[in-house]
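Working notes for the structure below.
Nothing in this text is a laboratory measurement; each read-out follows from the coordinates by a stated rule. The structure presented is a predicted model; accordingly, all values stated were derived computationally and were not measured. FYI the Cβ positions are ideal-geometry reconstructions off the backbone, even for glycines, and counts take in every protein chain you see.
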Amino acid sequence: LVRERLLVRSAHKTARVVRLSPDDARDIYRTRAIIEAEALRALAHTRRVPDDARAANAEIAALDDASPRDVVDPDMRFHRSLIDALGSERTSRVYASLASEVVFCMSQVQGASLLPTALIADEHERLLALIEAGDGDAAAALLREHLARARERLVERLGGEPGPEARS
């Protein structure tokens, strides 16, 4: 957990959970957006929509009445399946190195009910449709909007000044 940047330890001190700053949240989401946007472009080039992404999003859509925290696992599987669909061990490994921090952010967003489940499922469905249509640039733009809303709402929750994306 220390290596995954979820716990902090110092000499002769008890390990403690990392407290994300607004800048940390923005950096995690920025890194995520860079990797995921390029993955969407590549998938759109071949018009390949991973079955695992469809399945994860169907699970999210079925959770409309469930606790927002229940969305975190299928949401992460949705995004992870898009990366893994590239078939690149290195890209998957790079994304995996960020995954714990991404889940940490998602858990805070969903734990505070900052995003409606139906909105997440709808935007995921639109992403898949854009990939299938071969429109990688539009998919990347929608992904950036999708992530920016969550990022800025989390920034506000962490005590920072949210950007305009928080209200989109």
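Compute the orientation-averaged projected area for segment 15-147 from the convex hull of its Cα atoms and round it to one decimal in nm². Spell out each step's value before the answer.
Values: hull surface 31.9 nm².
With the hull built on Cα positions only, its mean projection is 8.0 nm².
Considering all projection directions equally, how large on average is the shadow of the alpha-carbon convex hull of segment 96-168, in square nanometres? Display every interim value, and only then the final one.
Numbers: hull surface 21.7 nm².
Mean projected area of the Cα convex hull: 5.4 nm².
Contour minus end-to-end for Arg48 and Arg93, with contour as 0.36 nm per residue of separation and end-to-end as the Cα-Cα distance? Intermediate results must be reported in sequence, preceding the final value.
Values: separation 45, 0.36 × 45 = 16.20 nm, distance 2.07 nm.
Taking 0.36 nm per residue and subtracting the Cα distance, the gain is 14.1 nm.
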Explain nothing, just the number: relative contact order of the chain, from Cα pairs under 8 Å at least 6 residues apart, as a whole percent. 33 percent
For segment 83-152, listing trypsin sites (Lys or Arg not before Pro) in a DSSP loop whose Cβ sees at most 14 other Cβ atoms within 10 Å gives none
